[in-house]
Amino acid sequence: MTETPPPEHSGLPPHVSVLSKEVIEALALVEGLVVVDATIGMGGHARGIAERIGSGGTLIGLDRDRSALRCAGANLTGVAPRVELRHASYADLDEVLRELGIDSVDRVFADLGFGSHQMDDPGRGLSFRSSTSLDMRYDQTTGPTAYDLLRITPEQELGRWFREYGEERFWRRIARAICEERQRQMLPTTGEELAELVVRAVPPSASTGRIHPATRVFQALRIATNRELEILEAGLAAACRALRVGGRLVVISFHSLEDRLVKTFLRERMQPLVKKPVTAGVEELHANPRSRSAKLRVAVKTVDSDPQVGRQGAAR
C-alpha cells in the first residue's frame with residue numbers, strides 16, 4: 001500500500017491546480033514544517049508547498065492514483081525538503097505516519113477534486129463520452145469497478161446513490177431502467193452506453209437543460225465506486241489526529257455533499273479560521289473554469305482530538 005512510486009514522468013497532460021495562491025496563504029507555511037498533501041495528485045500544489053518549507057521541512061504526499069503519483073514525483077524532483085510519496089488514501093494517514101516514524105504534523109492539505117487527467121483518461125470511464133469500460137476507480141489496483149457495482153447492486157440502493165450522491169430528480173426511473181437492462185442482460189458497459197440509457201429513462205424535458213442528463217448519475221457512481229464520502233469522513237478524522245495543537249487543516253471541496261461534510265467536521269472538531277469558504281477570483285475563473293465550484297475551508301486544531309471519536313468517525 002505504501003511503497004514509494006518511481007519518479008519518472010507518466011506522460012499525463014499538465015494539470016492546473018485550483019486556488020493555488022489561496023492554498024499557500026491558508027497554510028501559513030514557514031521553513032521546517034512537516035506538511036501532508038493528502039491528495040497530492042500531479043504535484044501542482046505540492047511544488048508550491050515544498051518551495052516554502054525548505055530543506056528542513058518534510059513533505060508527505062498521498063494519493064490513490066499511481067499514475068498521478070509518478071507525475072508528482074517528477075514534478076518534485078530537485079526540491080529542498082525531504083519528500084515521502086505513498087500510494088495510499090488519506091484515510092490511512094495514521095498508518096503512513098507510523099511507518100515513517102512521525103508522531104505529528106504541522107499542516108494537512110486535501111484537494112478533493114479529481115484531476116482533469118483522470119476525466120480525460122478513456123481507460124477510467126469517468127466521462128459519459130467514453131467508449132471504454134465503466135471503471136471509475138481512482139485506484140485501479142483494487143476494489144470493484146462502476147460496472148461491477150451496476151451489475152450487482154439492488155435497485156433500491158442504486159436509487160439511493162442517484163438521489164443522495166447525485167441529487168438526481170429522476171433517480172427512481174434511472175435505477176429501474178438500469179435494472180431492467182440488467183435483467184435483459186443488456187447492461188451498459190461503457191460511459192456512452194450508460195449515458196444513452198439515462199437519456200432514454202428521463203423525460204425529454206430533462207435533456208434540454210444546461211448540463212447533460214447523465215452528469216449527476218456519473219457523479220453518484222463515481223462517489224459510490226470510490227467510497228468518497230466514507231473516505232473523506234475517515235480522512236478528516238485522521239488528519240485531525242495527526243495534527244499537532246496549533247496545526248492547520250486546509251480542504252478544497254467541489255460539490256455540496258463534500259462541502260457540507262467538511263464544514264460540519266471543522267465546526268465540530270476544530271476552529272474554523274474563515275466564516276465563508278474561499279472561492280476563485282475573476283482571473284482564475286476566466287483562466288480555469290473548473291475552479292468555479294471550488295470552495296476552500298481552513299481550520300486550526302486547538303485541542304487534542306479524542307482517538308475514540310476519531311475511530312467512530314472512520315467507521316461510519
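The values are calculated or read from the model by the stated rules, or taken from the named source; none is laboratory data. Given the structure is predicted, the values throughout are model-derived calculations rather than measurements. Glycine also receives a Cβ, built like all others from the backbone with ideal geometry; neighbour counts cover every protein chain displayed. Note: areas computed on protein heavy atoms with side chains; ligands, DNA, RNA excluded. Shrake-Rupley method; radii C 1.70, N 1.55, O 1.52, S 1.80 Å.
Within region 241-296, the residues that satisfy the criterion of being more than 27 Å from residue 165 (Cβ to Cβ) and surrounded by fewer than 21 Cβ atoms within 10 Å (Cβ to Cβ) are 244, 245, 246, 271, 273, 275, 281, 282, 283, 284, 286, 287.
Does residue 160 satisfy being open to solvent by less than 80 Å² (accessible area, probe 1.4 Å), in a loop (DSSP other than H, G, I, E, B), basic (Lys, Arg) and in contact with a helix residue (DSSP H, G or I) (Cβ under 9 Å, 6 or more places away or on another chain)? No; evaluated as a whole, the condition is false for this residue.
Would you confirm, using the coordinates I've provided, whether residue 314 is within 19 Å of the chain's Cα centre (by Cα) and at pLDDT below 85? Here the answer is yes, as residue 314 does meet what is asked. Residues that are crowded, with 17+ Cβ neighbours inside 10 Å, without any contact (Cβ under 8 Å) to a residue 60 or more places away in the chain, out of contact with any Gly (no Cβ under 6 Å at 6 or more places or on another chain) and part of a loop (DSSP other than H, G, I, E, B) within region 41-87 comprise 43, 79, listed in sequence order.
Hey, can you tell me all the residues within region 168-202 that are open to solvent by less than 90 Å² (accessible area, probe 1.4 Å), more than 22 Å from residue 132 (Cβ to Cβ) and part of a loop (DSSP other than H, G, I, E, B)? Answer for region 168-202, where residues must be open to solvent by less than 90 Å² (accessible area, probe 1.4 Å), more than 22 Å from residue 132 (Cβ to Cβ) and part of a loop (DSSP other than H, G, I, E, B): 168, 170, 202.
Under the condition of being surrounded by fewer than 19 Cβ atoms within 10 Å (Cβ to Cβ) and closer than 19 Å to residue 191 by Cα, the residues counted in region 203-240 number 5.
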